[in-house]
1. Could you tell me whether Glu512 is surrounded by fewer than 19 Cβ atoms within 10 Å (Cβ to Cβ) and either more than 26 Å from Leu593 (Cα to Cα) or under 24 Å from the mean Cα position of the chain (by Cα) (or both)?
2. Please work out which residue is least open to solvent (accessible area, probe 1.4 Å), limiting yourself to region 20-34 and to residues that are of a type outside the set (A, V, I, L, M, F, W, C) and assigned to a loop (DSSP other than H, G, I, E, B).
3. Could you run through region 77-94 and say how many residues are under 14 Å from Thr58 (Cα atoms) and either at pLDDT below 85 or of a type in the set (Gly, Ala, Ser) (or both)?
4. Please verify whether region 183-200 includes one or more residues that are in a helix (DSSP H, G or I), modelled with pLDDT of 70 or more and loosely packed, with under 13 Cβ neighbours inside 10 Å.
5. Could you check, for region 35-44, whether at least one of its residues is in a loop (DSSP other than H, G, I, E, B), modelled with pLDDT under 85, over 21 Å from Ser95 (Cα atoms) and open to solvent by less than 50 Å² (accessible area, probe 1.4 Å)?
6. Looking at region 541-559, which of the residues that are open to solvent by less than 60 Å² (accessible area, probe 1.4 Å) and not in a helix (DSSP H, G or I) is nearest to Lys508 (Cα to Cα)?
7. So which of Ala592, Ala601, Ala562 is surrounded by 17 or more Cβ atoms within 10 Å (Cβ to Cβ) and in a loop (DSSP other than H, G, I, E, B)?
8. Any idea which of Cys246, Cys215 is in a strand (DSSP E or B) and either at pLDDT 75 or above or open to solvent by less than 30 Å² (accessible area, probe 1.4 Å) (or both)?
Amino acid sequence: MEREAVMQRKKSSCYLCLKGNWFTEKEVCIVCDAKYCSNCVLRAMGSMPEGRKCITCTGFRVDDSKRGTLGKCSRMLKRMLTEMEVKQIMRSELSCNANQLMPERVFVNVLEFHCTMINQYSGLTEQIGRRPCQIITPHLRVGGQLMRNASNGNTSVLINNREITKRELCMFQLSGMQCEGQPHFWLSADGSYQEEGMKCIKGCIWDKSRIKLFCSLLSLPTPPDSVNPCGGEVNGVNCCEKKILCKLLLLGEQNSGTSTIYKQVPFSEDERRNIKFTILRNLYRYIGILLEGRERFEEEILSGKGKRQVIDEPGSSGQIDDKTMYTLSPRLKAFSDRLLKVMASNLEAIFPYGTSEYAPFIEELWRDPSFQSTYNRRNELDSLPRVASYFLERLPSQVVVISQPDYEPSDMDILYAEGITSTNGLSCMEYSFPESTQNSSIDSSNQNDPLVRYQLIRVDPKCLVENYEWLEMFEDVDLVLFCVSLTCYDEFFEDSRGFLTNKMLASKQLFENIVIHPTFDLKNFLLILNKYNMLEEKIEQVPLTECDWFCDFNPVINMSLAQYASHYVALKFKTLFNSLTGCELFVSIVNALEPETVDEALRYAPVACALIN
């Protein structure tokens, strides 16, 4: 809806008090163009919840001719209001829903997104009929094909099928581009250019420092300073060469091992530094859980559950002994109370500086018999994770070691650490493959390419169970990794409806839902069958036929039982995938705690990227 101000008297006067002239400073409504003097602006616009609008214009959309002024405060408002009030009004003016551009008024490259032209390859953006005004993220999958007359250029020089303007031609010539005749060039996001149909790169427009100055004089956009100029090299790789990013999406049911697999990817130095403090926080949290358990066990004894009463003897007072095997010394009890209080308020408060102060108490606490008695009953503490034993059994030296500035988490420390992968959303990291081993069973011709990097994205299993709309975010992934635990065939859990569900059947159902989701149509899939080492022990005791889906399992003699079972499970999933898509499913059998097997599985990524490209 649009509104127009109703003129009462002369146009130069204030629309409320009807006073003033052309020289009187006024504030303008961004909807109806009404103008108010300093005496009337607050009465007319109120608290400005949507920015500089009349009270009666609140909720109406902004006049498009005034969009350029959104968020830009006038001198009059700066004089009248405090700095904080001005910032709040300008923030509301920019962010409120009523002031956003309507979707039906946006056109990208003639498709439904209004008066905007985006060069998908170079990132140059412009309004229809005008020169480029900014550089945005390239390769966005929006709009149609860029029109030749998008900029109304008349130079007969085409860049990415668009006839450029005279200002652009001047800039390209200054950069060294040969523009005689009617050449057709192809410009990439990094500034490298080549003639259409040719593979040889002719040069890079950003490799000369004076180009940015000329662009400023010609009112043309330039890339951010963070972008490396094409003339140099980064890590030995010429920036004119296009880097390829292969995206991998890691999915699976809970306890399938996606978190452990994610941790096998090499971490950067900054990430390892953060992991160090994560491990230390976890260690103190585990100690806190044990201290809470100690209090519970002590209260159970003192309240009558196993209460020990002193046998009355001649001279005995008949009192109840208030000391138990879980009672701490006064010194350690004071430390326990202080630590539990810190944990209840803010555990972050003791990191990283307070750890050196607490370390001696932790050493003394670990050696105390009451704490050891509590630790021996750790299986009764539901809030204590199983991985806690890995770190706790290395006390007290572990606290001292981790507190040291030069501590570097080992690969096993990272594998057992909690909190590295997000528990309520997404985790993401980029990596490249080291030199492949000679016994790798996968063709590694593309794995050592310095221009190829891989992005591993892990979605927390809880997000998949609660909302499949997450999947629509990943339409550009190159390979979907779906993880299944080989040992879950006889395990059950209670679903949202209260029914007991077999975990393997739940993984099968989730796999089907992922495969048939429109987002992953024609995508390559890699099935990761995890926990093979545990299957070797379990299948000797529990038959695979415990799962209804595997009722026809009939092992042969010439293979180990676990080996045949894993191939059988792989075949079941491959058959299912083929019936749903008509395509082949990649399968890799791994033990997530063994980096070599995970590395072998992830090396399917170059194969998938090669198939796509």
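1. Details: surrounded by fewer than 19 Cβ atoms within 10 Å (Cβ to Cβ): yes; either more than 26 Å from Leu593 (Cα to Cα) or under 24 Å from the mean Cα position of the chain (by Cα) (or both): yes.
Yes; evaluated as a whole, the condition is true for this residue.
2. Applying the first criterion (of a type outside the set (A, V, I, L, M, F, W, C)) to region 20-34 yields 20-21, 24-27, 33.
Narrowing the set further to residues that are assigned to a loop (DSSP other than H, G, I, E, B) leaves 20-21, 24-25, 33.
Details: Gly20: 29, Asn21: 71, Thr24: 50, Glu25: 69, Asp33: 55 Å².
My answer is Gly20.
3. Of the residues in that region, 1 qualify.
4. From region 183-200, those in a helix (DSSP H, G or I) are none; that's our starting set.
No: region 183-200 contains no residue that is in a helix (DSSP H, G or I), modelled with pLDDT of 70 or more and loosely packed, with under 13 Cβ neighbours inside 10 Å.
5. Going residue by residue through region 35-44, those that are in a loop (DSSP other than H, G, I, E, B) are 38-40.
Adding the requirement that they be modelled with pLDDT under 85 leaves none.
No, every residue in region 35-44 fails to be in a loop (DSSP other than H, G, I, E, B), modelled with pLDDT under 85, over 21 Å from Ser95 (Cα atoms) and open to solvent by less than 50 Å² (accessible area, probe 1.4 Å).
6. Filtering region 541-559 for residues that are open to solvent by less than 60 Å² (accessible area, probe 1.4 Å) and not in a helix (DSSP H, G or I), the one nearest to Lys508 (Cα to Cα) comes out as Cys547.
7. Ala592
8. Numbers: Cys215 fails: in a strand (DSSP E or B).
Selected residue: Cys246, the only one of Cys246, Cys215 that is in a strand (DSSP E or B) and either at pLDDT 75 or above or open to solvent by less than 30 Å² (accessible area, probe 1.4 Å) (or both).
The values are calculated or read from the model by the stated rules, or taken from the named source; none is laboratory data. What you see is a predicted model; the values in this text were computed from it and never measured. Reconstructed Cβ throughout: ideal geometry from the backbone, glycine too, with neighbour counts over all protein chains shown. Accessible surface areas use protein heavy atoms only, side chains included; no ligands, DNA or RNA. Shrake-Rupley method; radii C 1.70, N 1.55, O 1.52, S 1.80 Å.
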